[in-house]
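Following: one structure in C-alpha cells, then a few remarks.
The values are calculated or read from the model by the stated rules, or taken from the named source; none is laboratory data. Since the structure is predicted, the reported quantities are computational estimates derived from the model, not experimental observations. No Cβ is skipped: glycine too gets one built from the backbone with ideal geometry, and neighbour counts run over all protein chains shown. The accessibility values were calculated without ligands, DNA or RNA, using every heavy atom of the protein model including side chains. Shrake-Rupley method; radii C 1.70, N 1.55, O 1.52, S 1.80 Å.
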Amino acid sequence: MTDFPSFPPGFVFGAATASYQIEGAVQEDGRGASIWDTYSHTPGLVANGDTGDVACDHYHRYPQDVTLLRELGVDSYRFSIAWPRIVPDGAGPVNPKGLDFYSRLVDELLAAGIEPAATLYHWDLPQALEDGGGWRVRDTAERFGEYAAVVAEHLGDRVPRWITLNEPWCSAFLGYSVGRHAPGAREGRGALAAAHHLLAGHGLAVRALRAAGVREVGITLNLDHNLPATDSPADRAAVTRADTQHNLVWTEPILAGRYPDTEEETWGELITGQDFRRDGDLELISQPLDFLGVNYYRPIVVADAPYRESDPARRVATDNRYEEVRLPGVRHTAMGWPVAPGTFTDLLVGLHERYGDALPPLHITENGSAEDDWVSPDGAVHDSDRVAYLRDHLTALRAAMDAGVDVRGYYVWSLLDNFEWAFGYGKRFGIVRVDYGTQERTPKDSYRWYRALIAAQQR
Ligand code: FCB
C-alpha cells in the first residue's frame with residue numbers, strides 16, 4: 001500500500017474511549033451514581049433502553065484492551081476517568097479503589113509502551129452534584145477543581161497528557177437545553193450558566209494540574225464547521241449564531257480571554273441579564289494551555305428556523321433559530337452525518353487564521369465514523385466505508401498541516417464499539433467490534449488499516 005498520508009516524525013497516533021461508554025461495573029468498588037446512570041435508566045431516553053451497566057466490561061477486561069492497543073502500534077491512548085469512581089458523592093471522601101483502577105490501567109499502558117492521555121470529565125457527573133444544581137451552579141466547578149487535584153496527585157507523575165473537559169458544548173447544551181444528553185434538562189439560562197461553570201471548572205482544573213506539575217494540559221472541544229444552507233441573509237445570520245454557540249462560546253474565553261462579541265445577537269437578554277460571571281473569571285479560564293484538543297466528525301449545514309420567544313430552552317438549543325439540514329451529493333454515515341473531509345481542513349485552517357499565535361498546538365482527540373458493519377462469514381469485519389473515512393480525514397488533516405496548522409497528534413474514535421450515549425449500542429464507532437453478548441473483540445479491517453498506516457510512518 002502506498003497511499004497512506006505521511007506525518008512528521010514524533011507525530012502522535014492514538015485511539016480514544018470514554019469511561020461510561022466502555023467500563024461497565026457501575027456498582028463496583030464503591031463507584032457512585034452518575035447522571036448517565038440516571039439518564040439511561042429513565043425509560044424512553046436511550047434507544048432500545050440501553051444503559052452503560054455492562055458496556056464493554058472494560059473495567060474487568062482492560063488488560064486485553066491494552067493488548068489490542070499495543071498490537072495496533074499506537075503511541076498514546078486517550079481514556080477518561082469516571083469522577084464518581086474517585087469522589088462517589090461528588091464532594092467529600094475519596095474512594096481509593098477508584099484511584100487504584102486507573103493506576104493499574106496506567107501501569108498496564110506504560111508497560112506496553114503506550115503514553116496515557118487522561119480526560120478528567122467525559123460527561124459522567126456524580127449524580128449527587130446534579131442534585132445540588134449540576135453545572136448550573138458554581139459549586140460544581142469548585143468540586144471539579146478539587147477532584148482534579150486528587151487525580152493529579154495520584155497519577156500526575158505517570159500521565160503526561162491531561163484533558164480537563166471533553167466537549168463542554170455537549171455537557172452544556174445537549175445536557176441542559178436540548179435535553180438529549182444527561183441530565184436531560186430543557187432550560188435557557190440554565191444551559192448558559194452551565195457553559196460558564198464548565199469554563200470556570202476547566203480553569204480550576206488547569207490550576208490543579210499545574211500545581212501538581214504535570215507535563216501537558218489541554219481541553220477538548222468539538223468545534224463545528226457551520227455552512228449556510230443558502231446564501232440568504234437569514235441563513236448567514238443563523239450561521240453566526242451557530243458559530244457563537246458551538247465554537248466562540250469556548251474559544252473566545254479560552255484562547256482570547258474575552259466573551260464572544262456576537263453573544264447578544266445570539267441569546268439576547270438571556271445572556272445580557274446573566275449573573276453567573278464573576279470578576280477574574282476570564283483570567284482563570286484563559287490560562288495558557290499546552291495544546292488544544294479538537295474532535296471533528298462532520299460539517300453542520302445551518303438554515304434559519306422560526307424563533308419561539310416563549311421557549312428559552314429552544315432559543316439556546318441548537319434545534320431552534322436554525323435547523324440542521326443534510327448535505328446534498330455526499331455519503332452520510334450511520335449517524336446520518338455527511339462525510340465531507342475538506343471541511344476538516346477548512347475548520348483547522350480557519351482556527352489558525354482566527355487565533356494566530358494564541359492558538360496552542362492541536363491534538364485531534366477524536367475522529368471516526370459509525371457504520372452499519374457486520375461480521376462476515378470469513379469472521380472478519382470489512383468496514384471499507386470506515387477505512388475510506390479515516391483515510392480521507394487523515395489526508396485532510398495533513399493538508400491543514402501543510403497549510404501551516406501545528407497539529408501534534410491524532411486519536412481515532414474509537415478503539416471499541418461502545419455505548420453511543422442516547423443512541424445506545426446501535427451505533428458502532430469502533431475499529432474493534434464488540435459482541436455485547438459474549439464480549440468478544442474482533443479487530444475490523446479499519447484496525448488493520450490504521451495499524452499499517454502507523455507502521456508506514458517514518459518514526
Ligand atoms: C463525541 C463524544 C464521544 C463519542 C463521539 C461519537 O461527541 O465525545 O464520546 O460519542 O462523539
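Matching residues to (1) of a type in the set (Ser, Thr, Tyr); (2) under 26 Å from ASP53 (Cα atoms); (3) within 12 Å of the ligand (Cβ to nearest atom):
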residue	(1), (2), (3)
VAL405	no, no, no
GLY409	no, no, no
PHE423	no, yes, yes
ILE431	no, yes, no
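Just checking, which of ALA234, ALA212 is of a type outside the set (Lys, Arg), in contact with a Gly (Cβ under 6 Å, 6 or more places away or on another chain) and open to solvent by 40 Å² or more (accessible area, probe 1.4 Å)? Even if it seems obvious, please write down each step before you answer.
Values: ALA234 fails: in contact with a Gly (Cβ under 6 Å, 6 or more places away or on another chain).
Matching residue, one of ALA234, ALA212: ALA212.
For segment 288-307, enumerate the residues that are outside any strand (DSSP E or B) and either within 16 Å of the ligand (Cβ to nearest atom) or of a type outside the set (D, E, K, R) (or both). Spell out the reasoning first.
Of all residues in segment 288-307, those outside any strand (DSSP E or B) come to 288-290, 296-299, 305-307.
PRO288, LEU289, TYR296, TYR297, ARG298, PRO299, ALA305, PRO306, TYR307, listed by residue number.
So which pairs qualify, if the first residue must be in segment 83-98 and more than 13 Å from PHE144 (Cβ to Cβ), the second must be of a type in the set (Lys, Arg) and crowded, with 24+ Cβ neighbours inside 10 Å, the Cβ gap must be under 6 Å, and the two must be at least 6 apart or on different chains?
ARG85/ARG31; GLY98/ARG85
Any residue at all in segment 428-441 that is in contact with a helix residue (DSSP H, G or I) (Cβ under 9 Å, 6 or more places away or on another chain) and at positive phi?
yes
Of the residues LEU198, LEU204, which single one is touching a Ser or Thr at 6+ places or on another chain (Cβ under 7 Å), within 24 Å of ILE81 (Cβ to Cβ) and in contact (Cβ under 8 Å) with a residue 24 or more places away in the chain?
Working: LEU204 fails: touching a Ser or Thr at 6+ places or on another chain (Cβ under 7 Å).
Selected residue: LEU198, the only one of LEU198, LEU204 that is touching a Ser or Thr at 6+ places or on another chain (Cβ under 7 Å), within 24 Å of ILE81 (Cβ to Cβ) and in contact (Cβ under 8 Å) with a residue 24 or more places away in the chain.
Within segment 405-427, can you find the residues that are farther than 17 Å from ASN295 by Cα and open to solvent by 40 Å² or more (accessible area, probe 1.4 Å)?
PHE423, GLY426, LYS427
Is it fair to say ASP131 is surrounded by fewer than 21 Cβ atoms within 10 Å (Cβ to Cβ), in contact (Cβ under 8 Å) with a residue 12 or more places away in the chain and farther than 22 Å from GLY218 by Cβ?
no
Scan (1) within 25 Å of GLY409 (Cα to Cα); (2) outside any helix (DSSP H, G or I) for the single condition ASP261 breaks and write down its number.
(1)
Among residues belonging to segment 350-366 that are among the hydrophobic types (A, V, I, L, M, F, W, C) and open to solvent by less than 30 Å² (accessible area, probe 1.4 Å), point out the one that is farthest from PHE11 (Cα to Cα). Working first, answer last.
To start, the set of residues in segment 350-366 that are among the hydrophobic types (A, V, I, L, M, F, W, C) comprises 351, 358-359, 362, 364.
With the extra rule that they be open to solvent by less than 30 Å² (accessible area, probe 1.4 Å), the set shrinks to 351, 359, 362, 364.
Working: LEU351: 20, LEU359: 18, LEU362: 11, ILE364: 11 Å.
By that ranking, first place goes to LEU351.
So, in segment 367-387, exactly how many residues are in contact (Cβ under 8 Å) with a residue 24 or more places away in the chain and open to solvent by 10 Å² or more (accessible area, probe 1.4 Å)? First the steps, then the outcome.
So in segment 367-387, the residues in contact (Cβ under 8 Å) with a residue 24 or more places away in the chain come out as 367-373, 375, 379-387.
Filter once more, so that each one left must be open to solvent by 10 Å² or more (accessible area, probe 1.4 Å): 371-373, 375, 379-380, 382, 384-385, 387.
So the answer is 10.
Take the conditions among the hydrophobic types (A, V, I, L, M, F, W, C) and under 27 Å from ARG408 (Cα atoms) and apply them to ALA91. Does it pass?
Numbers: among the hydrophobic types (A, V, I, L, M, F, W, C): yes; under 27 Å from ARG408 (Cα atoms): no.
So ALA91 does not fit the description; no.
For residues in segment 146-184 being open to solvent by 10 Å² or more (accessible area, probe 1.4 Å), away from the ligand (no atom under 16 Å from the Cβ) and part of a helix (DSSP H, G or I), which is nearest to LEU198 (Cα to Cα)?
The residue in question is GLU146.
Give me the residue from segment 331-340 that is open to solvent by less than 30 Å² (accessible area, probe 1.4 Å) and touching a residue at least 40 places away in the same chain (Cβ under 8 Å) and, out of that set, nearest to the chain's Cα centre (by Cα). Steps first, answer last, please.
Just the residues of segment 331-340 that are open to solvent by less than 30 Å² (accessible area, probe 1.4 Å), to begin with: 333-336, 338-340.
Add one more test, that the residue is touching a residue at least 40 places away in the same chain (Cβ under 8 Å), and what stays is 333-335, 338-340.
Details: THR333: 19, ALA334: 19, MET335: 16, PRO338: 19, VAL339: 19, ALA340: 20 Å.
Looking at the filtered set, the residue picked out is MET335.
Have a look at GLY113, GLY90, GLY10, GLY49 and point out the one that is closer than 29 Å to HIS197 by Cα and either of a type in the set (Gly, Ala, Ser) or away from the ligand (no atom under 16 Å from the Cβ) (or both). If you could, list the steps in order and put the result at the bottom.
Values: GLY113 fails: closer than 29 Å to HIS197 by Cα; GLY10 fails: closer than 29 Å to HIS197 by Cα; GLY49 fails: closer than 29 Å to HIS197 by Cα.
Only one candidate passes the filter, namely GLY90.
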